[in-house]
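The values are calculated or read from the model by the stated rules, or taken from the named source; none is laboratory data. Keep in mind that this is a model prediction, so the values were computed, not measured. Counting neighbours? That spans all protein chains shown, and the Cβs are built from the backbone with ideal geometry, glycine included. Accessible surface is based on the protein model in full, side chains and every heavy atom, while ligands, DNA and RNA are left aside. Shrake-Rupley method; radii C 1.70, N 1.55, O 1.52, S 1.80 Å.
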Amino acid sequence: FKEGWVYYLEVDAFVANIRYHNQRVRLHGKVAEQDLESHPGRLTAQFVLLGEADRVPVVYNGVVPDTFKAGRQVVVEGRLGDDGVFQADVMMTKCASKYQAEEHSAALRNEK
């Protein structure tokens, strides 16, 4: 593995470090409640990805996951456009309750 390799960047780290602005990255944050437009039939979504202090507007082109919604943690992959909007063509949603249930089940199996 490459030393210093990062699976994804948090929104705040991405905004703070301009070296990432001209390259393809995976970006992680929470989908804002406001300014969310999702069009699964047209394979697009527009939203704001929130960090702790910063935010990044995103336009996603691709299949919109069924679990995509406001308040959800997502990872998007793409690059920042000249207009300051992150252009994504890959999106993965994180569903905490699903993963917690799987971790809990695995812990119970290990106790037996």
Revision key, fill the gap. Restricting attention to the range 55-81, the residues that are more than 19 Å from Gln23 (Cα to Cα) and part of a loop (DSSP other than H, G, I, E, B) number exactly 11
**Study point:** Positions within the range 43-64 being open to solvent by 30 Å² or more (accessible area, probe 1.4 Å) and under 8 Å from Met91 (Cβ atoms), in sequence order
**Key:** none
Check your understanding: What about Val6, is it β-branched (Val, Ile, Thr) and either modelled with pLDDT of 90 or more or crowded, with 17+ Cβ neighbours inside 10 Å (or both)?
Key -> no
Study note, to complete from the structure: Scanning the range 30-54 for residues that are charged (D, E, K, R) and not in a strand (DSSP E or B), the one nearest to Phe14 (Cα to Cα) turns out to be Asp54
